[in-house]
């Protein structure tokens, strides 16, 4: 690790300590209730390791180019949502000189299970041309239910997708069905930067359709939960892409949540050592997913 990298690590450690103190203050005052078995310290350590490998589009380290306040708020955002980057429930992504925590598809499912009342993993199926598919709407509740879905092997063709549905089992014993037509799914994809043209969408349209309908089902449960206010405005990797300017403006507004001390850091002198193999720089993953 060179002198500049050592300096940035010292800088991050200082920010990490301040965020940890802030969170401890929230929990001590009863203003924050974290998920059971969620270790703030362990997840902060995991975030530290991942942040050292996170780069921007120019392969510059995130800890070098991002503001201290945006790093602090990205860490705080991760903890407030009870997410774990080591479990791929979210990512740290650099936008200009701002760092943002973005919840992943897996994070959204985990959140729905935690606060949305889902008891099992959501199940999704694709409806293809030629399938015998019948559903009904309960006139009293407006809820969907699947009456019949018969599918032949020869019908499975990602170029002939009619729609998809997700089934979630709730803690009260009820089943919730979320149904989307392929037109609705493509409209959701079109909100993203790739407009549904990424390799994942083109080569695995059926699987991406499943993820889209599951994500919509999970968000409906999250947004209708008693803890919805905690996650209001929290986007994930399948949400509509905002412009960099919009993202920066959002992070700047969030910076008011955590005030990071403007601390000067001493230069760390490089110590003579045997030549070590160069460290590999891992770029923050780019999402291939789209809204819902």
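Remark: residue 167 matches the filter, which requires a residue to be closer than 15 Å to residue 136 by Cα, modelled with pLDDT of 95 or more, touching a helix residue (DSSP H, G or I) at 6+ places or on another chain (Cβ under 9 Å) and surrounded by 15 or more Cβ atoms within 10 Å (Cβ to Cβ). Against the definition (farther than 30 Å from residue 57 by Cβ, part of a loop (DSSP other than H, G, I, E, B) and in contact (Cβ under 8 Å) with a residue 12 or more places away in the chain), how does residue 168 come out, yes or no? So residue 168 does not fit the description; no. Here region 20-34 is the region considered, the condition is being surrounded by 13 or more Cβ atoms within 10 Å (Cβ to Cβ) and either modelled with pLDDT under 75 or within 20 Å of the chain's Cα centre (by Cα) (or both), and the residue that is farthest from residue 85 (Cα to Cα) is 32. Considering only residues in region 143-161 that are touching a strand residue (DSSP E or B) at 6+ places or on another chain (Cβ under 7 Å) and touching a residue at least 40 places away in the same chain (Cβ under 8 Å), the one that is farthest from residue 129 (Cα to Cα) turns out to be 156. Of the residues making up region 148-164, those that are in a strand (DSSP E or B) and surrounded by fewer than 19 Cβ atoms within 10 Å (Cβ to Cβ) number 4. Take the residues in region 177-220 that are out of contact with any helix residue (DSSP H, G or I) (no Cβ under 7 Å at 6 or more places or on another chain) and part of a strand (DSSP E or B), then tell me which one is surrounded by the fewest Cβ atoms within 10 Å (Cβ to Cβ). Only one residue tops the list, namely 181. Does region 65-79 include one or more residues that are under 19 Å from the mean Cα position of the chain (by Cα) and part of a loop (DSSP other than H, G, I, E, B)? No.
The values are calculated or read from the model by the stated rules, or taken from the named source; none is laboratory data. Owing to the predicted nature of the structure, the values given are computational and were not obtained by experimental measurement. No Cβ is skipped: glycine too gets one built from the backbone with ideal geometry, and neighbour counts run over all protein chains shown.
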